1. Can you divide the C-alpha Rg of the stretch 437-550 by 2.2 N^0.38 Å and report the result to two decimal places?
2. So for the pair residue 466, residue 378, with labels modelled 7 Å out along Cα→Cβ, what separation do we get in nm?
3. Heavy atoms only, probe 1.4 Å: what % of the accessible area of the stretch 437-550 goes to carbon and sulfur, would you let me know?
4. Which value, in Å², gives the accessible area per residue of the stretch 261-429 when a 1.4 Å probe is used on the protein heavy atoms?
5. Under 1.5 on a/c is rounded, so check that first for the stretch 261-429, then, if it is not, pick prolate when a/b is larger than b/c and oblate when it is not; a ≥ b ≥ c are the square roots of the alpha carbon gyration tensor eigenvalues.
6. If I stretch the segment between residue 400 and residue 69 completely, what's the gain in nm (0.36 nm per residue apart, minus their alpha carbon distance), one decimal?
7. How long is the gain from residue 392 to residue 267 if the chain were fully straight, where each residue apart is worth 0.36 nm and the alpha carbon distance is subtracted?
8. Please report, as a whole percent, how much of the solvent-accessible surface of the stretch 310-420 comes from carbon and sulfur atoms (probe radius 1.4 Å).
Amino acid sequence: IWFQCLILSFFSRGKLGRYPPWPGKIVNPPKDLKKPRGKKCFFVKFFGTEDHAWIKVEQLKPYHPHKEEMIKINKGKRFQQAVDAVEEFLRKTKGKDQASSHNSTEEKNRRNSSEERGKQSAGEEKRKASLSEGKVKKGTGEGKKRVSSVSSERGSKSPLKRAQDQSPRKRGRPPKDEKDLTIPESSTVKRVMTGTVAGFKWPPSVSEPVKDSDPHFHHFLLSQTEKPAVCYQAITKKLKVCEEETGSTSIQAADSTAVNGSITPTDKKIGFLGLGLMGSGIVSNLLKMGHTVTVWNRTAEKCDLFIQEGARLGRTPAEVVSTCDITFACVSDPKAAKDLVLGPSGVLQGIRPGKCYVDMSTVDADTVTELAQVIVSRGGRFLEAPVSGNQQLSNDGMLVILAAGDRGLYEDCSSCFQAMGKTSFFLGEVGNAAKMMLIVNMVQGSFMATIAEGLTLAQVTGQSQQTLLDILNQGQLASIFLDQKCQNILQGNFKPDFYLKYIQKDLRLAIALGDSVNHPTPMAAAANEVYKRAKALDQSDNDMSAVYRAYIH
């Protein structure tokens, strides 16, 4: 049964430690937004954002019974703001309901009073008429019959009352903004609305109760502003640039499990080399989603935690590649990427026909092209797949994957990409993903330097840095990135979420990319100098937001 606009708050169910639960409400979908096939689902707006998604019924929980549990699990500022928005919404809804109920009661009282007066007036007229007729026909049987008829009418319902019983009538006029909240009168809806929120359950059918499962919660967020008529199919269509038509890059968003359901892990054996800030979160999510993973890290102690979670240990990169079907690698820079493949007991020694290698490191296009050539020369298959995100997004499985190279291998990696990221893009031939990744990080690094510059300028001119952040958070620049990095600076907490030395490396490589095609990059060049200054102040192993210290020393 589709609910047109059932105002019922809930928490979307996510696998704890995987995707954070979030409060929302069921709303009307845009007219041209197709409902996904398969299991029952509802179109949901998330409180605190303008995001919407199709969510399966078994992925929902009622709001009130699970409120305290969810607040304990999620401590983030934006989550608390979302919960506050829910409470405000509920207060307003309750106020409207009370006002509507009050108006309905008054209307009912006025109507009953009017009916009573009408009934008394009608009775008086009938009494006078019967007396008059009794005088004219006194002593006759007709007179007795008339009096009996009047007496009978007094004891029965009036014509007005009978008409009311036969045709239902709304009592009280609902507020104007609640007209679109009507719910179809189905048996399912009746069961939902007659129970309390605490006792609410999403029934898949009349007889079969919902199993208390905890599926992996993935969703392709549909950001709505002025025109909500956006759908997954339309987005995918926009992202596709057919290779046959353009003769160049093919771009396509990976399948979203909001449409396709829960992840089914590949039966291929997965290897993973490099357990740094990004690699650790990726491996953890691969294991959570049921993949068979063999790990290796230059510092072997970092493997211990993942062995406890079910991973296997590889003694060398060559051993991992030789025993696995698909091997991923995520290391720090071009030198580390080359050493991993070409060095002693490296990846290349384990490559033989059919073996697959996916490099997720952020490096330059020349490096990744060289690695692709040596892998393919041994009969292997190669895919580059650098990721956009940070440690937190890696832990949450919300990275954005930019892939290029072997298209068949990209498709073979589908379940892995869905486990580690919220979406992925295929960008065509080898080198394109490296170039795109450097451009993305160039923009991010330059923006971070500008944020630091603005906060220090506010400080030296006697302005409140917190007020500046509050103003930015209310404007067009508002984002999780802006808020988190500013909070780092205001709190003096530079625990690495994205190493400063790596963003400086990416800026340097992006500038070199511009030089290779004779394209100026003056903004990136200026930002790069600030990061170099921060590195000279021993901030390399701090978060990129520590670039702030380059301005205050």
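The values are calculated or read from the model by the stated rules, or taken from the named source; none is laboratory data. Bear in mind the structure is a predicted one, so any value in this text is a computation, not a measurement. All Cβ positions, glycine included, derive from the backbone under ideal geometry; neighbour counts span all protein chains shown. Calculation scope for accessible area: heavy atoms of the full protein, side chains included, ligands and nucleic acids excluded. Shrake-Rupley method; radii C 1.70, N 1.55, O 1.52, S 1.80 Å.
1. 1.06
2. 5.7 nm
3. C and S fraction of accessible area: 55 percent.
4. Accessible area per residue: 38 Å².
5. Rounded shape, in that the Cα axes give a/c under 1.5.
6. That works out to 116.2 nm of additional length.
7. 42.2 nm
8. Its accessible area is 49 percent carbon and sulfur atoms.
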